[in-house]
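Since the structure comes first, as structure tokens, the remarks are kept for the end.
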Amino acid sequence: MAGAAHCSLQVKRLLLDPKFEGYKLSLEPLACYQLGLDAAVAEVQLRDDQYTLDHMRAYGMYNYLHLDSWYQDNVYYVDQFGRVMNLAVTLDTALQKPREVFRLPTDLMAYDNRLCASIHFSSSSWVTLSDGTGRLYLIKSGKRGNSASEKWEIVFNEELGSPFIIAHSVSFLKCDTHTVAVLLLRVEKDELDTKGSGFHITLEWITIAEISKEGEHRYEIFKRRVLQGKSVPHYAAIEPSGDGLMIVSYKPFKFLQDEDDKSEENDDVEVKNEKKDPLYYWQQTEDDLTITVHIPQDITKDDIKVCFSPDNICVTLKDQPPLMEGKLYSSVDHESCTWIIREDKSLEISLIKKNEGPRWPELIIGDTRGEFIMDSSQCSEISESLMHLTSEVMNPNPEKEKPPCNAQELEECDAFLEDSASLCRFDGDTLKVTHVINLGSNQYLFSVVVDPREMPCFCLRHDVDALLWQPHCDQPENMWEHIATFNALGYVQASKQDKKFMACAPDYSYAALCECLRRVFIYRQPAPLSTVLYNRKEGRQVGQVAKQLVATLESNDPILGFQATSERLFVLTTKTLFLIKVNSGN
């Protein structure tokens, strides 16, 4: 990531509520509607060879319900017969059965190693679709959510290797040519990884463009690029212009380069390595320091000038710029310092420490051109001094007042599955990282599309709150904007051990999460009260209250899909689609 701009997320303090008092459980009933499905959802169970955490994250926790953000309250799923089913809601009390809008040409049941079918809505009239067998479809859909004008027509389909799921896609015009960029996610076997999980993650960035040949218009793959990493990304999205890519992941991704690029890069590395050969070597004891500098064969004693002062050193050869110059780490007895030319044509400089004992971590402050050489006696001395910090037994000396840390004493909140994630922006032309943010303890929670013409937003935990961030790829100075806050949601969600999906309304009016079975939790933003309420402890009137609501689904089937709109929640199980009315329409 050399050359990348290291950025930080700028929190808008006006969107924080330091006086937030928590959520009040509301017992008000939620209108819940359910629709039985004609055929079960095309759920794909993990195979025996898909045993890693990355397989579970990518495929086991897959959201089988797809929200079409271009049209209000419009959801899709794929059933076991390979049919893409749609439900468009206009009135909760007059719900229609899900209708078929497209049927996959492949027989899904005939493939043993397939993944779940995946859909992404690239624009208001273009859809990318994968059948889970390794085939990608580009579909012109017309205006969706309306049975009169909606007609899904395949304009491109191609086998692209091993099975994948679609992580993201965008549709745009590039030089007056219609182009669709798609991001494909795979978890692949890594034969070279003998110490880790044995798998790596690939993100394939494919660009499909419309071409015209002999008066015939068709779509072909224009470019294929592959990124590789060691963890499934929390978030991966292509910029609306197709010029870049943003990834939030625990472990870094990098582009796999062509052989020509690799050879050029290796040449660069070799040049850098040559430049990094130490200019000098130095050793130290408790009393003195010895510096060895290799000098050209034609240099004589008269050509060398070494100047000592209590805190500085300067070495010059002939009339050249100083070979070594700078402030020493600590003071020396400059009158006792000496130098000689050895038989092997090297310059040896002896410095006498003014303060005996302490080791110097560096010779000249800020100078990295030298290399410290430690002799064997010093190595063994340091090892002995650190021996008490390491042991093969939990507490080798129980009579000591302060025994070593016992891992069994750590509480659950002290354990981190992942040290810290990073947010990287890749340039599509150079394939280099241009911006990077170390997210540290800001845990990734979920993503949501607020405006389909923009990149998806992502929600991060900041202390106890959950903050929503909108990427702006066209604003380098404000590339990530803090647009909303869900008070205490970061703390609340951490207590839900069985949570499976999280989402929020595109208008930020509420956030929601569901467990693997039955229960859905809704957290509304603070709202003014219609009645007078007092805080008994502080004796003051409370102006607004944030409500928590709980819905229990009448189903014992596992929840497979979960999507939120400004008015309602959609929850998909194996055989039923539930609608929970959260907000009344305007």
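The values are calculated or read from the model by the stated rules, or taken from the named source; none is laboratory data. Only a predicted model underlies this, so the values are computations on that prediction, with no experimental measurement involved. Here the Cβ positions follow ideal geometry from the backbone for every residue, glycine too, while neighbour counts run over all protein chains shown. These area figures cover heavy atoms from the full protein model, side chains too; ligands, DNA and RNA do not enter into them. Shrake-Rupley method; radii C 1.70, N 1.55, O 1.52, S 1.80 Å.
Return the FRET efficiency for the residue pair D176, I154: r is the Cβ-Cβ distance, R0 is 41 Å, and the value is rounded to the nearest 0.05.
Step by step, r from the Cβ atoms, then E = 0.95.
With an 8 Å Cα cut-off and a minimum separation of 6 or more residues, compute the relative contact order for the range 280-368 in percent.
32
Given only helices, namely DSSP H runs of n ≥ 4 each adding -39500 (n - 2.57), what is the per-residue ellipticity at 222 nm of the chain, to the nearest 500 deg cm²/dmol? Walk me through the intermediate numbers first.
Details: 3 runs with 34 residues, N = 586.
Only helices count here, giving -2000 deg cm²/dmol.
K305 versus V226, label points 7 Å from Cα toward the beta carbon: distance in nm?
5.9
At 0.36 nm per residue, minus the direct Cα-Cα distance, what do F81 and Q34 gain on full extension? Give it in nm, one decimal, please. The partial results should precede the final answer.
Values: separation 47, 0.36 × 47 = 16.92 nm, distance 2.14 nm.
Result for the pair: 14.8 nm of gain on full extension.
Using amide H atoms built in the peptide plane, which far-off residues or other-chain residues are under 5 Å from W480 H to H?
Under 5 Å from the amide H of W480: H472.
Within the range 274-361, how many lysine pairs that are 8 or more places apart, or on different chains, have C-alpha atoms less than 20 Å apart?
8
Grab the beta carbon distance between Q96 and K254, set R0 = 35 Å, and tell me the FRET efficiency rounded to 0.05.
Using R0 = 35 Å, I get an efficiency of 0.15.
Kindly write out, for the range 218-225 in residue order, the coupling ³J(HN,Hα) from the Karplus curve 6.51 cos²θ - 1.76 cosθ + 1.60 (θ = phi - 60°), rounded to whole Hz, with x marking Gly and Pro.
Running phi through 6.51 cos²θ - 1.76 cosθ + 1.60 with θ = phi - 60° gives 8, 10, 9, 6, 9, 7, 10, 10 Hz.
Please list, ordered by chain and number, the residues whose modelled amide H lies under 5 Å from the amide H of I313; skip anything fewer than 5 residues away on the same chain.
G326, L328
If you roll a 1.4 Å probe over the range 1-142 with all protein chains in place, what percent of the accessible area is carbon or sulfur?
Values: 3750 of 7220 Å².
Taking all protein chains in place, the range 1-142 shows 52 percent carbon and sulfur surface.
Students often check this: by mean Cβ neighbours within 10 Å, which of 489-501, 175-187 ranks highest, and how do the rest follow?
Descending packing order for the listed peptides: 175-187, 489-501.
Compute the relative contact order of the chain as a whole-number percentage, counting only Cα pairs closer than 8 Å that sit 6 or more residues apart in sequence. Spell out each step's value before the answer.
Working: 1191 pairs, mean separation 78.4, N = 586.
Contact order relative to length: 13 percent.
Calculate how steeply helix 376-386 sits against the longest principal axis of the alpha-carbon atoms of the chain, using the helix alpha-carbon long axis, and give the answer as 0 to 90 degrees to the nearest 10.
Approximately 50 degrees, to the nearest 10.
Computed on alpha carbon atoms, what radius of gyration and Dmax characterise the range 280-368, expressed in Å?
Computed over the Cα atoms of the range 280-368, radius of gyration and Dmax are 12.7, 38 Å.
Above 32 angstrom, tally the Cα pairs of the chain and express them as a % of all pairs, no decimals.
60
Among L95, S141, Y329, which residue has its Cα positioned farthest towards the positive end of the charge dipole of the chain, with +1 placed on the Cβ of Lys and Arg, -1 on the Cβ of Asp and Glu, and the dipole taken about the Cα centre?
L95
Treating the angle as unsigned and between 0 and 90°, give the value, to the nearest 10°, between the Cα long axis of helix 259-275 and the longest Cα principal axis of the chain.
Tilt of helix 259-275: around 30 degrees.
In square nanometres, what is one fourth of the surface area of the convex hull spanned by the alpha carbons of the range 89-164?
6.0
May I ask which of K174/K251; K254/K496; K24/K500; K143/K223 have a Cα-Cα span longer than 25 Å here?
Table pairs above 25 Å Cα-Cα are K174/K251; K254/K496; K143/K223.
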